1. I'm checking my understanding of the structure. Among residues of the range A:252-293 that are within 31 Å of the chain's Cα centre (by Cα) and among the basic types (Lys, Arg), which one is modelled with the highest pLDDT?
2. Which condition does C:GLY169 not pass, out of (1) under 22 Å from C:ILE92 (Cβ atoms); (2) out of contact with any Leu (no Cβ under 9 Å at 6 or more places or on another chain); (3) within 11 Å of another protein chain (Cβ to nearest Cβ), if it passes all the others?
3. Within the range B:1-11, is even one residue exposed (fewer than 14 other Cβ atoms within 10 Å of the Cβ), assigned to a loop (DSSP other than H, G, I, E, B) and modelled with pLDDT under 70?
4. Where the second residue is among the hydroxyl-bearing types (Ser, Thr, Tyr) and the first is facing chain B (nearest Cβ under 8 Å) and lies in the range A:73-98, which pairs have Cβ atoms under 8 Å and are six or more apart or on separate chains?
5. Which condition number in (1) within 11 Å of chain B (Cβ to nearest Cβ); (2) assigned to a helix (DSSP H, G or I) is the one that C:GLY213 fails?
6. Tell me, please, whether a residue that is over 21 Å from A:GLU196 (Cβ atoms) and surrounded by 20 or more Cβ atoms within 10 Å (Cβ to Cβ) can be found in the range A:33-49.
Amino acid sequence: MADVTLRKVIKRYDEVEAVRGIDLDIADHEFVVLVGPSGCGKSTTLRMIAGLEDISDGDIMIGGDVVNDVPPKDRDIAMVFQNYALYPHMTVAENMSFGLRLKRYPKAEIKSRVDEAARMLDIVELVDRKPKQLSGGQRQRVAMGRAIVRNPKVFLFDEPLSNLDAKLRVQMRIEIKKVHQKVRTTTVYVTHDQVEAMTLADRVVVMNHGRIEQIGTPNELYHKPATKFVASFIGSPAMNFIPCRLEDLAGKLHVRLTDRTTFPLPPARAARYQGVPRSDKLLLGLRPEHITEARPHLAPGVEAFDAVLDVTEPMGMETLIYFTLEGSQVCGRVNPNAGAQDGAPLRLAVDLNNMHLLNEVTGVVL
Amino acid sequence: MASTVVIDKGAPTRKVKYGSMSRDRAWALRWSYFFLIVFAIFSLVPPLYMLITSLKSSAEISAATNPWWVFHPTLSNYIELLTSNQFLTFFWNSAWVSIVVVTITMLISVPAAFALSRMRFWGSATLATGVFLTYLIPDTLLFLPLFKMFAAFGDWTGIPLINRWYVLLIVYPTLTVPFCTWIMIGYFASIPKELDEAAIIDGASWFQTLTRIFIPVAMPGLIAATIFAFTVSWAQFLYPLVFTTSTDQLVLPVGIITTLIKGDVFNWGQIMTGALLGAAPPLIIYAFLMDYYIAGLTAGATKG
Amino acid sequence: MVDVTFQSSRVAGAGTRKRTSLRAAMKRKSTAAFLMTLPLILLIAILVLYPAFYSLHLATLNKSMQRFVGFGNFEFLFKRQTFWLVVQQSCIFAITAVAFKALIGFIVAHFVHNIPAKGQRKWRGMLLVPWVIPPAMSTLAWLWLFDPSYSAFNYTLSFFGIGPIPWTGDAAWARFSVILVNVWFGAPFFMIMYLASLKSVPEQLYEAAAIDGANWWQRIWYVTLPMMRNIIAITTLFSLIVTFANFDIVRILTAGGPLDHTHIFATWAFRLGIEGGDIPLGASVSLFMFPILAIAAIFILRDINKRGNEA
């Protein structure tokens, strides 16, 4: 068990910088997820921690030791790959014990470790099978088992669930979380799926274009995104962004979408945005769940407006509505009983207590 | 509603069409079988004729009875050849040469293919292409300069190469190694990159990755390459004809042709028996490992 | 080639920064990789490339290999009628044989592909037998089948009132015979290549073509052939090289006769160089196989580059 630290880590391929200076502290026992779109450098970062890629600049430390020059096998890490990378000619037990056998562990010890991992992952009856005879989910378990028996300082997961179908993915997600709760090994997990990131992580690292956009707990990222990228990447359906400006109307701070629509800001928000220049081009960020059907009595900070719905998507427990507000496509979530229908008008309410205001040019959340 | 109508309209025409198609199919099938039988006869006549002749006595052959039938089958040709020291020498020479060449070939081409497919180094791509082109340089272009080189080497070092069976151990790899390397590059390249990364993280060295992961996983390719190397060594005719002359140094194909054909006297019963025995090892391997044999044959073109 | 590889790997080593020992490990890795390919490189350099160039040198020497004669050997060859006969026969032999091998291979592959899948293995197994038997051995069987006095073919044909045919005794028939044996030996290779390639054509394409109203000929012309174009080209090229360089069949069946009419480059080079003891002259003859090789190499390199770009 160990902490992992990255200091100004850079990866260059010829002229291209794939990773442009990453600073990250991962505490012992922590489960950290690197998430971002493809090509954001998350996998490269993981592979540098593993030692499969050398680093162009900076330092990587595992358990306080700089491991820049240490080959993968001496870093005491284990890795789970997207395509499982099970050795096809070995049985499950042989797959799991390969690393230990190379290190010449005593037979009894190998056996007890394999048995324990197999029991933990519920694959005891599969240990004598070859990978070919296993289903996707079972292969995934074996790949994890191979990591667990090594009892490494750090677990590295490289998009381990993306080859599984949707249902199995949810199941394995819970499985991974359970395993981590049992073994408590420091884990770095790479995925492009924000739901996976949110559900698994103690802390999520959102990456884009080789840089870290934001580090935080899932709730922090959801409720206090630092940039437009994070705000739009985390959460599904994504946050709505509506062009707007700040304006003082009758002594109160308002947000003006266009000439026609203005909303007064609740006091807490008004105080926070007081210093923003009134001429700045801004974006009003609203999560779909903060745009709902209007109730007869509006709570403080909630403003009502009328909209004509373009499309509705009944999801069962809620209905997603899409409408055009001052030229922007906006998504909201309403009660299934609110009477939302394609092409029909509906009176909606927007909860400005949970609004975000972004600088349109820099993308920074104010 | 609309879709039901379409199906109703489409069904009758489709049925008629399907019927005519299946009738076409049946005829196509009959023609296929007819021609396949013709071609199979064409393919199998020479080996079958070898077998027929090998079972005849010299007297029956010179009596010019129906050549396609054996009236008095005898194994005398087989007994004579298999008890002849000379023939057994040819056979063992061939076996030795082929087995050693297969070993040398694998020892050279497997590590080279591993290096070329996985451990990219400067010039490795060029080298891989070069290996393939080398395969295209035929033996008939090289036998004269090689003959001169080996003769000169013998004069220079005092180690005779010409007219020694072991000279074949030196030249046969030039025929087997390029193609086997090429096949193995193809097989190794099809192993996912993550597999060696997993092995590296598991603590395997490059050598262990090769011996414990790559070779077992690419076993079918290895078998195909081995078969290829063996059959090429066994069948090679030009090099032993050029480089060896004494009867104790000959391998089977050359031995049969130079010793069983004595001047104008052709003992066809024995020649056919010898030819059949010479063809037996590749045929047996082929019979049991046909799929690997074909995999090796097609790998060169499709993998590249 | 060795020099180039070695130098560039050194340059690479010098060019990298000395920064980490992981880099040193990478460098060790590429050194190890180089060492693993070293036997291959040495083998090719010493026993293939060197002799190939050495034969260029040999071709410029006189018979006793004492004196440099420049193009003397070639001038001598060009003046001999036999040489032109060999050139002519080499071209006829290679082109005709390859054409028939390709055609028969294509047809047979189609027939095998046509029949139900479970029987295919058996037929494929039988049809590939000619390729499996060492050609030197199978040619002996053909020699016996063509025997002037005991020919089993002539025996059979005599019932139809044909013959006897001088299979190897008459120049035209001998030329036919060597081609026939070469086709017999080589067609299975084409068959197996085409069959593998036919199997890789998606069935839906044929169904789509059938729905579009294509008859079987149109299906072959518009679906099969375009899909197989690459494999046909490569296989034909291979076969052309191998057939041009053929030795075993002609040597055993006719030894170049009658009257040198079936000699091709390889057998004539053997006759002059080994049997006639004039190695330089033989080497000069075998050098005429180079042009076809060069053309093939260019095509293959182009193909490989194309693939590289697509990847």
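The values are calculated or read from the model by the stated rules, or taken from the named source; none is laboratory data. Quantities reported herein were computed from a predicted structural model and do not represent experimental measurements. Neighbour counts run over all protein chains shown; Cβ positions are idealised from the backbone, glycine included.
1. Result: A:ARG287.
2. (3)
3. First, pick out the residues of the range B:1-11 that are exposed (fewer than 14 other Cβ atoms within 10 Å of the Cβ): B:1-11.
When the remaining residues are screened for being assigned to a loop (DSSP other than H, G, I, E, B), the result is B:1.
Applying the additional criterion that residues be modelled with pLDDT under 70 yields B:1.
Scanning the range B:1-11, I find at least one residue that is exposed (fewer than 14 other Cβ atoms within 10 Å of the Cβ), assigned to a loop (DSSP other than H, G, I, E, B) and modelled with pLDDT under 70, so the answer is yes.
4. Hits for this filter: A:GLN82/A:SER162; A:PHE98/A:TYR87.
5. (2)
6. yes
Quick grid of which residues meet (1) touching a helix residue (DSSP H, G or I) at 6+ places or on another chain (Cβ under 6 Å); (2) modelled with pLDDT of 90 or more; (3) farther than 23 Å from A:ARG173 by Cβ; (4) of a type in the set (A, V, I, L, M, F, W, C):
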| residue | (1), (2), (3), (4) |
| --- | --- |
| A:ALA108 | no, yes, yes, yes |
| A:LYS111 | no, yes, yes, no |
| A:ASP115 | no, yes, yes, no |
| A:LEU121 | yes, no, no, yes |
| A:ASP128 | no, yes, yes, no |
| A:LYS132 | no, yes, yes, no |
| A:GLY136 | no, no, no, no |
| A:GLY145 | yes, yes, no, no |
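Residue by residue, here is whether (1) crowded, with 19+ Cβ neighbours inside 10 Å; (2) not assigned by TED's automatic domain parsing to the domain that holds A:ALA166 holds:
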position	(1), (2)
A:ALA197	yes, no
A:HIS209	no, no
A:GLY216	yes, no
A:ILE234	yes, yes
A:GLU247	no, yes
